[in-house]
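Visitor: Sharing a structure, written as structure tokens. Questions coming.
Please treat every number below as a calculation from the coordinates, not as lab data. These figures come from a predicted structure and were not determined experimentally. Reconstructed Cβ throughout: ideal geometry from the backbone, glycine too, with neighbour counts over all protein chains shown.
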Amino acid sequence: MGDGTVIGFPGGSARGGIPRVAVIGAGLSGLACAERLIGRGWPVTVFDKGRAPGGRMATRRADAGGGAEDAGPRFDHGAQYFTARDPRFRGRVDGWVAQGVAAPWTGRIVRIGKDGNVEESPGERFVGTPGMTAPARLLARSVAPRSGVRVAEVIPGDDGWRLRDEAGRDLGSYGRVAVAVPSPQAVPLLAEAPDLAAAAADAVMAGCWSVMARFPQPLGPDYDGAFVTDSPLSWIARDSSKPGRDAGGGETWVLHGSPEWSQRHIEDDPAEVIARLTAAFRELAGIGPAEADHLAAHRWRFSIPVRGLDRECLYDPERGLGACGDWCLGGRVEGAFLSGLALADRILADAGPV
């Protein structure tokens with residue numbers, strides 16, 4: 001299928017000898033990787049199993065039944081905010097703010113200790129507007145991911161790497177492949193590079209249960225977000241305090257189960273999870289008899305890297321195969337973005353002048 005010569009790995013080339021690239025995953029890391037390569041003139045196809053880009057930078061509508069954004073209050077049920085410490089990411093965040101897809105979140109954030117002691121947790125934090133998915137959707141405009149496609153195999157072929165979906169259908173041949181999915185899902189896709197697969201397996205990710213609750217009346221807490229210890233909860237947030245949100249006169253809250261609790265209950269019925277985590281919230285926040293008029297739960301099977309790699313990315317230049325994600329660089333949104341850039345730069349350097 002190729003008509004040029006790829007430096008470092010044969011086959012899978014477009015005109016002019018530039019390798020075709022497959023990026024598996026349209027979370028922020030995969031989008032950042034694809035955008036950098038496309039900006040340098042490389043042909044890139046992004047595959048994503050979901051219906052919308054963004055991965056855990058996710059926004060869900062209360063009345064939409066799984067992701068539509070045309071009715072009901074929004075919930076950021078995945079990533080809650082992002083920081084921008086690295087100048088490379090800060091420049092991008094400033095651009096997002098200027099374009100109206102991100103804004104500072106100035107809510108009061110605290111830490112609630114084992115004894116109930118409340119301490120301030122200062123710092124500059126940003127959110128997507130009107131939902132956390134907004135920056136990813138902006139990136140996706142230039143990347144145009146193929147949604148609803150689950151890549152199941154990355155195998156050597158006569159013309160580079162060949163990809164197949166879970167039904168065995170051929171997805172084409174590529175000179176380079178970037179795997180940008182959670183580490184447990186990356187391992188089988190890296191099977192033809194055992195050293196990379198073993199490295200990805202070293203990154204341990206825990207699940208997270210997320211509960212979304214809307215209350216018709218304001219609640220009592222005088223903070224907008226809290227890190228929680230010694231509880232089934234690890235985080236609670238008044239989502240409606242974020243810029244660009246509308247809770248219809250009430251308040252929306254997102255409750256995250258702790259990694260330990262979520263992992264122990266990862267197969268529980270959502271109704272039981274809602275009951276347990278809302279009970280913990282009531283006790284913690286002292287909200288009394290207030291009743292929610294909307295409750296829903298979402299299970300993230302692979303959410304939080306509890307043991308990362310402390311590496312920007314994984315890449316084998318001889319095979320033309322690599323991986324990136326927040327599990328490489330500390331679990332933050334910023335880390336996911338920088339990991340995707342790092343893998344794109346490794347791919348570009350590997351090819352040399354083309």
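Visitor: Only bridges whose two residues both fall in the chain count here: according to DSSP, what percent of them are antiparallel, nearest 5?
Guide: Details: 46 of 64 bridges.
Approximately 70 percent, going by the DSSP bridge assignments.
Visitor: Can I ask one more? Tell me, which cysteines of the chain are without a disulfide-compatible partner by the Cβ under 4.7 Å rule?
Guide: CYS33, CYS208, CYS328
Visitor: Per residue of segment 77-85, in order, report the coupling 6.51 cos²θ - 1.76 cosθ + 1.60 (Karplus, θ = phi - 60°) as ³J(HN,Hα) in whole Hz, putting x for Gly and Pro.
Guide: Whole-Hz 3J(HN,Hα) from phi for segment 77-85: 8, x, 4, 9, 6, 9, 9, 9, 8.
Visitor: In whole angstrom, note down how far apart the Cα centers of segment 103-137 and segment 276-307 are.
Guide: 16 Å
Visitor: Here's another thing I want to ask about it. Compute the angle between helix 333-351 and the longest alpha-carbon principal axis of the chain, please, reported from 0 to 90 degrees and rounded to the nearest 10.
Guide: Relative to the chain, helix 333-351 is tipped by roughly 0 degrees.
Visitor: Same structure again: Among ARG74, ARG20, ARG169, whose mean-square fluctuation peaks in a Gaussian network model of the chain (Cα, cutoff 10 Å)?
Guide: ARG169
Visitor: Roughly what angle does helix 270-285 make with the longest principal axis of the chain, taking Cα atoms, 0 to 90 degrees, to the nearest 10?
Guide: Here the helix axis deviates by roughly 50 degrees.
Visitor: Next question, about the same structure. Between PRO19, PRO243, PRO53, which gets the highest mean-square fluctuation from a Gaussian network model of the chain, Cα cutoff 10 Å?
Guide: For the chain, modelled as a Gaussian network with Cα springs under 10 Å, the answer is PRO243.
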